[in-house]
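Taken together, the values in this text are just the output of simple stated rules run on the coordinates, not laboratory data. In this text the structure is predicted, and so the values were computed from the model without any measurement. Positions of Cβ are backbone-derived with ideal geometry, glycine not excepted, and every protein chain shown enters the neighbour counts.
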Amino acid sequence: MKRLLAITAAAVLVLSCGIYSFTGTSIQADVNTITIPYVEYKALRVNPSLSNDLTEALQDKFRKLTRLEQVDVDGDLELVCEVTGYDVKATAITADEQAAQNRLTVTVKVEFTNRKYPEDDVSKTFSAYEDFDATQSLDAVESTLCETIIEKLVEDIFNATVAQW
C-alpha cells in the first residue's frame, strides 16, 4: 500500500512539473514566449514617466519569475496594458473642511492573451493607490508614490495572468 501511494505521488509530481513552478506561475510547457508592448498612457492627468516605468517593471517581473523569452511581436502570451486613470482625491477632511490626506490612484486596463490556451485569456482593470499628507504637494511625493503603486499593480497583474490567482 505504501509503495502504491509513493508511486501515485511521484506520478502526480512528474505530471504537474510542466504547469507549476516554485515562483507560483502556472504556464504550460509548450508556452515559451511573451510579448509585453509599451504601456499606453490614456489618463487625463499626465505623468510623463509612468508608462515607461510600468512597462519596465512588467518586463522585469516576467523576466525574473518566468522562463518565458520576451519577444517584440507574436509571443505565445501577450500582455497589453494601458493607463486609463491617474487621479488625486482628498480622502480625509479636517473639521474646517480642508483636505488632511490625499490619495493618488492609478488605474490600468489589461488585455492578456494566451494564443495557445485562449481559456486563460484575461481582460481586467486594476487599480492601486497610495495616500499622502495634504500638506505635501503631489510633485514632492509623486515619484515615491508611483514606485509603490507600480509594485502593487505589477504584482496584481502577474498574479491574475500567469499565476492565475
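Per-structure values
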{"item": "GLN136 versus ASP74: modelled label distance in nm, points set 7 Å from Cα along the beta carbon direction", "result": "4.8 nm"}
{"item": "Extension gain from ASP121 to THR55, taking 0.36 nm per residue of separation minus the Cα-Cα distance", "result": "21.8 nm"}
{"item": "Fraction of the pair-distance distribution of region 53-130 above 21 Å, Cα-Cα pairs, percent", "result": "45 percent"}
{"item": "Potential extension, GLN101-ASP87 segment - 0.36 nm per residue separation minus Cα distance", "result": "3.7 nm"}
{"item": "Kirkwood hydrodynamic radius over Cα pairs of region 30-161, then Stokes diffusion coefficient at 37 °C and 0.692 mPa s, in µm²/s", "result": "207 µm²/s"}
{"item": "Inter-probe distance in nm under a simple model that places probes 7 Å from Cα toward Cβ, at VAL46 and ASP30", "result": "4.7 nm"}
